[in-house]
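Values in this text are rule-based calculations from the coordinates and carry no lab data. Just so it is clear, the model here is predicted, and its values are computed rather than measured. With ideal geometry, Cβ positions are generated from the backbone for all residues, glycine too; neighbour counts draw on all protein chains shown.
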Amino acid sequence: MKLGFIGTGQIAKATITGICTSKISFQKVLVSPRNRNIAQKLKKRFRKVNIAKTNQEIIDKCDWIFLTVTPKVGEKILPKLNYRSSQTIINFISTIGNSQLKRYVKVKAKIVRALPLPPIALRKGPVPICPANKKVKRFFDHLGTAVEISDEKLFTNFWCMTAMMAPYYEILNTLSKWLSSKGLKKTDTQKYITSLFSAMSDDAVANSKEDLKILIKNSQTPGGLNEQALNKLRKLGFYKLLDKAANNVLKRLKKK
Ligand SMILES: NC(=O)c1ccc[n+]([C@@H]2O[C@H](COP(=O)([O-])OP(=O)(O)OC[C@H]3O[C@@H](n4cnc5c(N)ncnc54)[C@H](OP(=O)(O)O)[C@@H]3O)[C@@H](O)[C@H]2O)c1
């Protein structure tokens, strides 16, 4: 299987890194010359990565085509390319939906929308895909956890949750700075906080079939420190603010 990437930016780099360090069986990855710097670094690092001369060359030579350009560039270049009906097109472009893309592609190729995040480079994290597709699910299961979604309207809600990356890292940064302010070395506090949250996330994933309330309950003892911190944050409206922030982002996405 030959994999082609139209647009060699941040998410293409992360995905290709994940693919080239995974157990996925593939012949080669062909990337577009832009971004030149990222394309050359990928070629240097992974022997199966090659750089095409044009976007059309990628479509002509590959079986699966990943669309990894920004929406504006996509709207401009995608309708001008010639696709084949035997191809699978994986669309990462957040604002171009499946019906819009079908109009650009014209032939009856398989079109699947996917929403990976930068930790795909580490082969971690969820990848919502729409519509459900067994082969595509199997592929992304090598790069994290594929989640099949049949209704494209629901896709927007997952997209909304991806806005929580920076707020999450800000929590890590705030707590790490708090620890450093007590006189500890920044490198040590950052190591401690990131590893603490990573361990808690792993535990939450391992227990994700259970109600998350159980984890909340089990991590508190009556009158203990966790109970104190949780109650204080609830009283301050911290968790209600998360709902508000999510609704605010969703409102914007629904206008697109
Ligand atoms: N970043 C994420 O976490 C993430 C997650 C999920 C989905 N997405 C989606 O993935 C898409 C790409 O995001 P990104 O963050 O990777 O953006 P990005 O880093 O800006 O990458 C876009 C790439 O497209 C290249 N490009 C521009 N014009 C081109 C053309 N005519 N032909 C081929 N390539 C061209 C750019 O090259 P130059 O640098 O030379 O201009 C750039 O390297 C977006 O639609 C975004 O919504 C991103």
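General remarks:
- Summarising the amide proton neighbourhood of Ile89: residues at separation of 5 or more, or on other chains, whose placed amide H is nearer than 5 Å comprise Ile65, Lys110, Ile111, Val112.
- The calculated FRET efficiency for the pair Lys191 and Lys240, based on their C-beta separation and a Förster distance of 41 Å, comes to about 0.80.
- Computed magnitude of the charge dipole of the stretch 1-130 (debye, nearest 20; Cβ of K, R +1, Cβ of D, E -1): 300
- Lysines with Cα under 22 Å of Lys186, excluding same-chain neighbours fewer than 8 positions away: Lys177
- The ranking of Thr162, Thr221 by Cβ neighbour count inside 10 Å, starting from the fewest, reads Thr221, Thr162.
- Gyration tensor over the Cα atoms of the stretch 67-195: the corresponding equivalent ellipsoid has semi-axes (square roots of 5 times the eigenvalues, largest first) of 38, 15, 13 Å.
- Set Lys53/Lys102; Lys217/Lys254; Lys23/Lys53; Lys61/Lys256 screened for pairs whose C-alpha atoms are more than 30 Å apart: Lys217/Lys254; Lys61/Lys256
- Shape summary of the stretch 182-256, radius of gyration then Dmax from alpha carbon positions: 16.4, 47 Å.
- Along principal axes, Cα extents of the stretch 2-150, largest first, whole Å: 36, 34, 26
- The mean of 1/r over all distinct Cα pairs in the chain, once inverted, gives the Kirkwood hydrodynamic radius of 20.5 Å.
- Distance between the pseudo-spin-label points of Ser85 and Asn173 (7 Å out from Cα toward the beta carbon): 5.1 nm.
- Two-site label geometry, Ala206 and Arg103: point separation in nm, points 7 Å out along Cα→Cβ: 5.0
- Among the trypsin sites (Lys or Arg not before Pro) found in the stretch 138-236, those both in a DSSP coil and sparsely packed, with 14 or fewer other Cβ atoms within 10 Å of their Cβ, are Lys182, Lys185, Lys209.
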